[in-house]
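Chemist: Questions regarding the structure given below will be posed in turn.
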Amino acid sequence: MRPRTVTQSAGRAPRWVLGVSSFVMLAACDRPGPEAAGSKPPPIRGESEPMDQDAPSKNTRKPPPAPAEAPAHPRQAERERMIAEQIEARGVTDPRVLTAMAKVPRHRFVPEAYQAEAYADHPLPIGHGVTISQPYIVALMTELADVQPGEKVLEVGTGSGYQAAILAELGARVYTIEVLEPLATKARALLHELGYDRVVVRHGDGYGGWPEQAPFDAIVVTAAPPKVPEALRVQLADGGRLVIPVGRGAQELKVITRRGDRFSERTVIPVRFVPMVHGDPGMEP
Ligand code: SAH
C-alpha cells in the first residue's frame with residue numbers, strides 16, 4: 001500500500017516487523033478500511049465474569065452464571081490476544097510492560113466509532129487530526145523507556161492518555177503535556193475516572209519540557225520533532241532515557257541515554273508519528 005525504503009534499522013525488532021512499523025501513527029485519513037481492520041472480537045472469557053456470590057440460595061445448587069454484560073475485565077481476551085500476536089511476537093518481552101498492556105482498557109481511550117477496532121494492529125484517530133498509537137509501538141516505547149516503580153516520567157503528546165496510563169501502571173510518577181487543549185481536558189478526566197489520578201496532565205507546548213518537574217528518569221515523546229529538542233535532553237536525570245521519534249517525513253525512533261554530561265544515542269526502527277507542532281505564543285510553559 002505504501003511502498004517505502006527502510007534505510008536504517010536496529011534494535012530488537014525482527015526484520016519482518018519493519019513493514020508493519022510503517023503503519024505507526026498513520027494520519028487519520030491513512031488508516032486501513034474496515035475490511036482490513038480485523039475479525040470480529042472474540043467473546044469475553046468466562047473466567048473473567050464475577051461469581052454471583054450474593055444471590056440468595058435456598059439449596060446447594062451452583063449459582064447461575066453471572067450476566068455476560070458485567071464481566072470483571074471487559075475485553076480481557078482481546079487484550080491477551082493483542083499481546084500475544086502483536087507485541088510478544090515482535091519481541092517486546094518485559095513482563096511488566098506486558099502486564100500493564102493487559103490491564104489498561106485501551107477501548108476506553110478510543111472514540112465510540114472505533115470501539116470495535118480498539119485492539120487492532122494499527123493506530124486509530126482520536127480527533128483533531130491525531131491518533132492513538134498502534135499497541136505494539138506503545139509497548140515498544142514503554143520497554144525502551146525502562147521505567148522502574150517510583151521513577152519520574154515525562155510524556156510529551158498526551159493525546160488520548162493511553163500511553164500515560166501504561167506508564168502509570170508501571171508505578172511511574174507521570175507528567176504529561178498536550179498542546180491541544182480539548183485533548184488535554186478529555187484525557188485528564190478519563191485518567192481520573194479510571195483511577196490514574198496521580199497522572200498530572202498539562203495543556204502546553206512540550207518543546208520546552210516541564211522545567212519545574214525536571215529532572216526526569218525517562219521522557220517519552222509521542223509526536224515527531226524534526227530534531228531532538230535540547231530542552232528535553234537537558235531535563236533528563238543522570239541515567240535517564242529519552243525515547244523519541246525524530247524527523248520530518250522519514251522518521252526514526254531513537255533512544256538517548258544520559259550519563260553525566262554525556263549522551264549516547266541509538267536508532268531503533270523507522271516509524272511514522274504525527275508531527276510535533278509548536279504551540280501558540282504565550283502558551284505555557
Ligand atoms: N500518546 C498519545 C498519542 C499521541 S498522538 C496516546 O497515547 O494517545 C501525538 C500527540 O502529540 C497529539 O495529541 C498532538 O496534539 C500532541 N502534540 C503535538 N505537538 C505537541 C507539542 N509541541 N507539545 C505537546 N503535545 C504535542
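The values are calculated or read from the model by the stated rules, or taken from the named source; none is laboratory data. In this text, all values refer to a predicted model and were calculated from it rather than measured experimentally. Note: ideal-geometry Cβ built from the backbone for every residue, glycine included; neighbour counts use all protein chains shown. For the accessible areas, the whole protein counts, side chains as well, though only heavy atoms, and no ligand, DNA or RNA atoms are used. Shrake-Rupley method; radii C 1.70, N 1.55, O 1.52, S 1.80 Å.
Chemist: Return the pairs, sorted by first residue and then second, in which the second residue is outside any strand (DSSP E or B) and of a type outside the set (G, A, S), the first residue lies in the range 259-274 and is without any contact (Cβ under 8 Å) to a residue 60 or more places away in the chain, the beta carbons are less than 7 Å apart, and the residues are 6+ apart or on different chains.
Modeler: Short answer, once both residue conditions are applied: F263/R233.
Chemist: Okay, next question. Out of the residues in the range 171-187 that are crowded, with 22+ Cβ neighbours inside 10 Å and farther than 18 Å from E151 by Cβ, which is farthest from the ligand (Cβ to nearest atom)?
Modeler: A187
Chemist: Out of everything in the range 188-211 that is in a helix (DSSP H, G or I) and free of Cβ contacts under 8 Å to residues at least 60 places away in the same chain, what residue ends up being surrounded by the most Cβ atoms within 10 Å (Cβ to Cβ)?
Modeler: First pass over the range 188-211, keeping only residues in a helix (DSSP H, G or I): 188-193, 206-208.
Still in the running and free of Cβ contacts under 8 Å to residues at least 60 places away in the same chain: 188-189, 191-193.
Details: R188: 22, A189: 12, L191: 25, H192: 14, E193: 10.
Result: L191.
Chemist: Could you tell me which numbered condition P245 fails, if it satisfies all but one of (1) within 12 Å of the ligand (Cβ to nearest atom); (2) modelled with pLDDT of 95 or more; (3) exposed (fewer than 14 other Cβ atoms within 10 Å of the Cβ)?
Modeler: Every listed condition holds for P245 apart from (3).
Chemist: Name the residues in the range 226-251 that are farther than 18 Å from A145 by Cβ and assigned to a loop (DSSP other than H, G, I, E, B), would you?
Modeler: P226, K227, G247, R248, G249, A250
Chemist: Here's another thing I want to ask about it. If you go through the range 80-121, how many residues are in contact with a strand residue (DSSP E or B) (Cβ under 9 Å, 6 or more places away or on another chain) and either of a type outside the set (D, E) or surrounded by 21 or more Cβ atoms within 10 Å (Cβ to Cβ) (or both)?
Modeler: 7
Chemist: Provide a single number: the residues in the range 218-242 that are more than 19 Å from V130 (Cβ to Cβ) and open to solvent by 40 Å² or more (accessible area, probe 1.4 Å).
Modeler: Residues in the range 218-242 being more than 19 Å from V130 (Cβ to Cβ) and open to solvent by 40 Å² or more (accessible area, probe 1.4 Å): 5 in total.
Chemist: Cβ-Cβ below 8 Å, separation at least six or inter-chain, first residue in the range 172-185 and under 9 Å from G206 (Cβ atoms) and part of a loop (DSSP other than H, G, I, E, B), second within 11 Å of the ligand (Cβ to nearest atom) and hydrophobic (A, V, I, L, M, F, W, C): which pairs?
Modeler: V179/V277; V179/M283
Chemist: Could you go through the range 252-265 and let me know if any residue there is assigned to a loop (DSSP other than H, G, I, E, B), open to solvent by 30 Å² or more (accessible area, probe 1.4 Å) and more than 20 Å from G206 (Cα to Cα).
Modeler: Yes, the range 252-265 has at least one match.
Chemist: Of all residues in the range 96-117, which are farther than 20 Å from V130 by Cβ and of a type in the set (D, E, K, R)?
Modeler: Answer for the range 96-117, where residues must be farther than 20 Å from V130 by Cβ and of a type in the set (D, E, K, R): R96, K103.
Chemist: If you go through the range 145-170, how many residues are assigned to a helix (DSSP H, G or I) and either open to solvent by 10 Å² or more (accessible area, probe 1.4 Å) or within 12 Å of the ligand (Cβ to nearest atom) (or both)? Steps first, please.
Modeler: Looking only at the range 145-170, we keep the residues that are assigned to a helix (DSSP H, G or I), and these are 145, 162-169.
After this cut, where a residue has to be either open to solvent by 10 Å² or more (accessible area, probe 1.4 Å) or within 12 Å of the ligand (Cβ to nearest atom) (or both) as well, the list is 162-169.
So the count comes out to 8.
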